[in-house]
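The values are calculated or read from the model by the stated rules, or taken from the named source; none is laboratory data. Please read these numbers as outputs of a predicted model, since none were measured by experiment. Cβ placement follows ideal geometry from the backbone for every residue including glycine, while neighbour counts extend to all protein chains displayed. Side chains are part of the model used for accessible areas, which takes the heavy atoms of the whole protein and leaves out ligands, DNA and RNA. Shrake-Rupley method; radii C 1.70, N 1.55, O 1.52, S 1.80 Å.
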Amino acid sequence: MSQHADDGRGLTRRLVLARLALLWEALWPLAWPIPTLAVLFVALALFDVLPRLPGWLHAAVLFAFVAALGYFVWRLRRLAAPGLAQARRRIERDSGFEHRPLQGLADTLEAGTDDPLARALWWAQRRRLSEVLKRLSVRLPEPSLARADPLGLRFVPLLLLAIALSGTWQDAGPRLLRAVTLRLDGIAGPPAVLQVWITPPAYTGLAPMLLQRQPSAEHVGVPAGSMLLAELQGGNDPAQLGIDDAWQAFAPLDADSQRLETQLTKGDHLQIRQGHRVIGAWDIAVVQDTPPSIAFSAPPDTDADGRLRLSIEAHDDYGVTKAWAMLRRVDSPDAEPLTVPLPLGGAHPTEVHQSTWVDLTGHPWAGLAVTLQPVAEDGAGQQGLGETVALTLPERKFTHPVARAIVALRRKLAANPGLREESMAGLAGIASDLDSYGGDIQVFLALANARARLLYDHTPQAVPGVLDLMWQAALRIEEGDRPAAERALEQANRELEEALSSNASEAEVERLTNQLQMAMAQYLDAMAQQMARQGVSPQSASPDSQVVTPDELQGMLDRLRDLSRTGSREGARQMLSELRQMLDGLRSSLQAGPSAQDAQQAQKTAEALQALTHDQRALLDNTFRRNQQAEEPGLEPLAKAAPTAKSKPAAKPSYSAADQQRQKAADDQEGLRKRLDQMMEEFGEMGIDIPNALGQAEQAMRDAGQSLRDDALQDAIDAQGEAVARLQEGARQAMQSLSKRMGGVPVLGGSGRDPLGRPLRGSGAAEDDSVKIPTQSDTQKAREVLDELRKRSGQAQRPAAERDYLQRLLKQFY
């Protein structure tokens with residue numbers, strides 16, 4: 001009984017499997033287009049093809065997919081569940097039975113039920129058929145799609161999906177969303193045209209940027225304070241701009257256009273909607289402007305005339321617009337501070353490394369303890385403060401007795417403006433003694449004018465003017481016309497630099513260049529007169545030393561004019577900076593300097609270092625040639641050369657000559673090393689620190705001598721090259737030390753500077769190549785281009801847009 005029950009459950013299970021197989025074989029030929037269409041749609045969506053189609057075509061494709069999907073779903077209504085007889089027949093076929101044993105098992109005995117023989121035969125038949133149940137099987141379904149799709153097109157969507165997923169799986173979600181989002185504007189009419197411009201603040205110097213309709217994966221960097229301008233044409237719904245969660249409505253321009261302008265100060269995401277549809281979205285990064293930084297690159301220094309040298313370095317992400325030094329009195333910190341403007345060396349530079357001379361000896365604070373703090377300001381008005389430095393403002397030392405008397409009287413009046421009567425008496429007494437100051441009419445008029453202002457002008461503003469007149473009179477008595485010429489030259493320099501930085505017109509730059517030329521000529525004349533009165537001559541090295549002639553100065557001014565005319569304002573500013581350095585060097589070299597003995601000793605040391613470097617370089621060239629001869633194919637080394645016909649036979653004559661040559665080269669190298677040792681001893685006797693580079697050069701010379709003795713020529717070349725490099729570096733360091741010991745007077749011959757103190761081209765000493773000054777040919781080409789631009793801009797037959805463009809180009813230069 002148990003065996004029959006198990007056979008019955010097995011048959012029931014196989015009948016269920018057979019019915020499922022029949023159902024699948026009937027369903028799949030009808031339903032396979034449904035997943036195929038779904039895979040094809042996903043592949044097209046991942047390729048981002050549908051959003052690029054016109055709106056009507058996009059809608060048509062979506063409708064076609066939906067219609068096809070609906071048709072194949074509707075076709076499933078023909079599907080009918082298989083019956084029990086069909087399942088039995090399927091099992092019999094899969095089991096390989098030609099007759100129908102399962103049908104026999106389902107039969108019943110209708111006749112002969114009373115006949116024992118008939119019943120025995122019937123149960124024998126049943127037992128035989130029951131043995132068949134053990135061999136029943138159900139095979140897997142066979143949908144037979146090859147007949148429905150003989151070309152195998154059902155595999156094409158799978159291939160497309162695999163290709164799409166390989167490159168678009170990261171943003172599959174947005175692509176699928178765009179594929180099913182229908183753009184109704186493309187159906188109703190032409191699509192809306194959107195343009196979004198972002199204009200950074202003017203102080204950044206950055207160009208406006210146009211946001212693309214298809215945003216990039218990276219964030220768009222936007223300076224804080226930029227103006228966003230969005231214009232939309234087309235569409236019937238009002239548009240809105242969303243910055244994060246804040247929304248602003250567009251303003252209508254006409255029936256088809258809308259416009260919005262706003263400032264961007266913060267936000268991470270921009271979005272523009274028209275109605276309920278997003279027509280533009282971008283990820284942005286608003287970059288906040290940082291305040292500038294500034295500091296003194298070197299401690300403030302003074303020269304013999306009491307001028308203050310201020311060297312600064314500043315930085316800003318978009319450019320420094322102004323810089324100044326703020327002075328406060330230590331004894332009166334609450335008093336109004338004194339501000340001294342500092343040059344930047346360019347128009348809104350992002351990096352500033354600049355030095356300037358400031359003459360505060362005529363200020364009432366001269367000789368007082370003050371604090372000095374650098375300040376920088378950028379285009380956004382943000383200020384950066386540097387570290388405060390404490391110092392005592394330098395005073396000018398006067399040697400002429402009349403000048404000293406005027407300065408003493410001026411100091412009393414500055415400390416107590418109420419001493420008008422005493423000051424007027426003192427001024428009258430000094431002015432009446434014409435012989436004491438050489439009868440200079442300008443001094444007399446200045447003193448008389450100062451007394452008259454104290455007598456008749458009782459306002460508080462009279463005293464500062466009188467103090468200035470007294471100072472100018474004292475300077476003229478002490479140094480003649482030079483102080484006034486110096487002030488005029490500094491003023492002309494400053495005005496021309498400001499004009500070049502602010503892109504002034506060509507006519508204005510030309511006028512200021514002429515003004516600078518006149519001021520420079522007056523300054524040089526005043527310097528020559530002062531030298532003649534004091535019997536001072538400038539330091540000179542030798543008749544062959546380089547000097548700066550008036551023709552060279554005039555050539556630099558002409559070059560400056562050409563650079564400004566051709567639009568190379570940076571090159572013109574660099575040329576102006578070089579000219580200022582030359583004049584500062586001239587002023588330093590002609591002031592009262594060291595003794596003649598110190599100057600002669602410094603000059604001798606400089607020339608000795610130059611000669612030593614020259615001899616070491618010559619020895620290096622000789623060693624290099626010997627090494628080439630030894631390695632050149634086809635030539636025997638000197639040590640193995642055969643004796644000539646005139647030479648007498650000897651045991652080893654060629655080797656003896658080679659040994660002599662090696663010994664001579666080694667002796668020459670040792671001689672140069674001893675000369676360097678002697679120079680370093682002289683540095684110690686003069687109280688000057690020996691430069692480290694000279695010690696390194698001495699060791700390199702020692703190594704070169706040993707290599708020459710060992711005939712290791714390549715090693716000797718390396719050591720001698722190192723010695724030359726270290727000698728050049730040590731010479732520069734030594735000349736800087738000598739110049740500082742002599743009060744800042746340039747030492748000629750070894751400092752890499754000419755008699756006016758400017759760096760020599762190619763010397764490698766403090767050359768500034770940050771701005772490349774165009775050559776004469778480049779300047780000529782630029783002038784030809786400008787002439788052609790002027791010519792084309794005046795041709796009326798050219799299109800208006802082209803002429804406007806040419807005018808905008810010309811405005812950059814004029």
Original post:
When only the heavy atoms of the protein chains count and the probe is 1.4 Å, how do Thr290, Thr623 rank by accessible area, highest first?
Top reply: Thr290, Thr623
Original post:
How much solvent-accessible surface does Glu142 expose, in Å² to the nearest 10, with a 1.4 Å probe and all protein chains in place?
Top reply: 110
Original post:
Excluding ligands and nucleic acids, what accessible area in Å² is computed for Lys266 using a 1.4 Å probe, to the nearest 10?
Top reply: 150
Subject >> With every protein chain in place, region 251-306: carbon and sulfur % of accessible area (1.4 Å) >> reply: 49
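Explain nothing, just the number: dipole magnitude of region 389-453 about its Cα centre with +1 on each Lys and Arg Cβ and -1 on each Asp and Glu Cβ, in debye rounded to the nearest 20. Intermediate values should be presented prior to the final figure.
Working: 9 positive and 6 negative charges, 58 e Å.
Computed about the Cα centre, the dipole is about 280 debye.
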**OP:** With a 1.4 Å probe and every protein chain left in place, tell me how much accessible area Ser293 has, in Å² to the nearest 10.
**Re:** 60
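Find the Cα radius of gyration of region 258-335, compare it with 2.2 N^0.38 Å by division, and give the number to two decimals.
Values: Rg = 24.3 Å, N = 78, 2.2 N^0.38 = 11.5 Å.
This ratio for region 258-335 stands at 2.11.
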Original post:
Cα centroids of region 212-273 and region 352-397: how far apart, whole angstrom?
Top reply: 47
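Let me have the relative contact order for region 359-509, percent, based on Cα pairs under 8 Å that are six or more residues apart.
Once divided by the residue count of region 359-509, the mean separation gives 19 percent.
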